[in-house]
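For reference, the structure is listed below as structure tokens.
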Amino acid sequence: MGSSNPSSGAVPKEEEEDEEMANGDAAEADGSPSDGSGSPDSSAPPPFSDGEKVLAFHGPLIYEAKIQKAEVLDGQWKFFVHYLGWNKNWDEWVVADRLLKHTKENIQKQEELAKESQVQEKSKSRSSQKPSKTDVKPEKEDAKNQGSKGKKRKSMPPSEEKEKEKKPQESPLMLQFPLTLKKQLVDDAEFVTQLGKLVKLPRSPNVDDILKKYLEHRTKKDGMINESISEILKGLRCYFDKALPVLLLYNKERAQYNDMVKEDVSPSTIYGAEHLLRLFVKLPELLSQVNMEEEALTKLQQRLLDFLKFMQKNQSLFFLSSYDTSKGAVKSE
């Protein structure tokens with residue numbers, strides 16, 4: 001996959017990202033190296049250029065990233081990268097061995113690693129019992145040392161040092177996003193934070209419509225109304241309405257939210273699939289605070305993955321292909 005074994009890391013977001021989604025843009029970082037200096041040797045140009053879209057190893061997986069700057073540090077080229085679609089707090093300096101050119105061949109490697117990681121996680125969840133609170137930290141440390149086990153898609157690439165500092169409570173819930181929905185998340189972030197485009201509101205279908213369509217889909221497929229599914233969908237709606245203004249908005253979307261969502265208006269009747277998908281990124285973190293039996297958690301995970309597949313199957317129907325550039329992006333009545 002690369003010319004070296006990358007250091008192990010976790011995948012999306014900790015408390016800083018909550019603050020970023022609520023209070024600030026996922027803008028490109030402008031950090032500087034912490035030590036060393038020097039000018040690139042003109043006879044040895046950098047293998048990657050500023051602004052280039054690349055694939056970056058972090059832990060056992062590969063992510064899309066963008067080169068922010070390149071400098072010679074300690075006698076070698078190092079690159080400051082921003083992981084596309086993720087909080088800028090995870091921007092970091094990496095060596096060339098951590099990077100790959102953005103080619104079809106390397107994208108295929110990225111997909112293969114993601115599949116291998118998913119298989120390993122499923123195998124691990126079947127063979128191990130739910131860890132106690134005292135077991136979580138050692139298992140996490142062990143996974144870092146081995147560097148071969150798949151990581152959850154819950155936290156996004158921080159540096160090893162940052163992760164050791166934070167040590168958030170891990171959720172046993174694992175959600176593997178279909179690749180087309182991962183791209184949807186990346187495009188969503190770029191539209192809003194880099195191009196200044198917003199989702200035109202109110203959306204149709206809205207979140208309530210999508211949840212209703214999924215219930216109809218499952219009822220038809222199962223031949224009966226499944227009460228457990230109905231309860232899960234009610235829970236998703238509740239989480240969405242509560243989390244949207246706190247966790248799911250970029251700063252550029254806040255004025256639009258204030259215009260559209262009044263006291264008696266539910267966000268799930270205004271927003272659509274674009275913001276609902278953001279909720280699924282946050283769910284493992286939110287549900288880490290909920291005490292659930294392992295069997296119930298496994299069933300919930302299966303239902304949520306099935307819902308993501310339903311969204312993927314109806315992606316062209318549920319998601320916008322382009323966002324609006326007009327100020328406020330609100331539909332005229």
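The values are calculated or read from the model by the stated rules, or taken from the named source; none is laboratory data. Here the structure is a predicted model, which means the values were calculated and not measured. For neighbour counting, all protein chains shown are included, and Cβ atoms are generated from backbone atoms with ideal geometry for every residue, glycine included. Surface areas here come from the heavy atoms of the whole protein model, side chains and all, with no ligands, DNA or RNA. Shrake-Rupley method; radii C 1.70, N 1.55, O 1.52, S 1.80 Å.
Residues in segment 314-328 that are outside any loop (DSSP other than H, G, I, E, B) and open to solvent by 50 Å² or more (accessible area, probe 1.4 Å) were compared, and the one that is farthest from Gln194 (Cα to Cα) is Leu317. Among the residues of segment 293-313, none qualifies, meaning not one is surrounded by 18 or more Cβ atoms within 10 Å (Cβ to Cβ) and within 13 Å of Val199 (Cβ to Cβ). Within segment 192-205, being open to solvent by less than 40 Å² (accessible area, probe 1.4 Å) and part of a helix (DSSP H, G or I) holds for Val192, Thr193.
Within segment 267-297, the residues that satisfy the criterion of being touching a Lys or Arg at 6+ places or on another chain (Cβ under 9 Å) and polar (S, T, N, Q) are Ser268, Ser288.
One residue is enough: does segment 219-237 have a residue meeting the conditions in contact with a Ser or Thr (Cβ under 7 Å, 6 or more places away or on another chain), within 27 Å of Pro178 (Cβ to Cβ), of a type outside the set (D, E, K, R) and without any contact (Cβ under 8 Å) to a residue 24 or more places away in the chain? There is at least one residue in segment 219-237 that is in contact with a Ser or Thr (Cβ under 7 Å, 6 or more places away or on another chain), within 27 Å of Pro178 (Cβ to Cβ), of a type outside the set (D, E, K, R) and without any contact (Cβ under 8 Å) to a residue 24 or more places away in the chain. Taken over segment 259-273, residues that are touching a helix residue (DSSP H, G or I) at 6+ places or on another chain (Cβ under 9 Å) and either open to solvent by 30 Å² or more (accessible area, probe 1.4 Å) or modelled with pLDDT under 90 (or both) amount to 2. Scanning segment 30-88 for residues being open to solvent by less than 60 Å² (accessible area, probe 1.4 Å), at pLDDT below 85 and closer than 19 Å to Leu195 by Cα gives a total of 3. For segment 224-234: of the residues being in a helix (DSSP H, G or I) and exposed (fewer than 13 other Cβ atoms within 10 Å of the Cβ), which is nearest to the chain's Cα centre (by Cα)? By that ranking, first place goes to Lys234.
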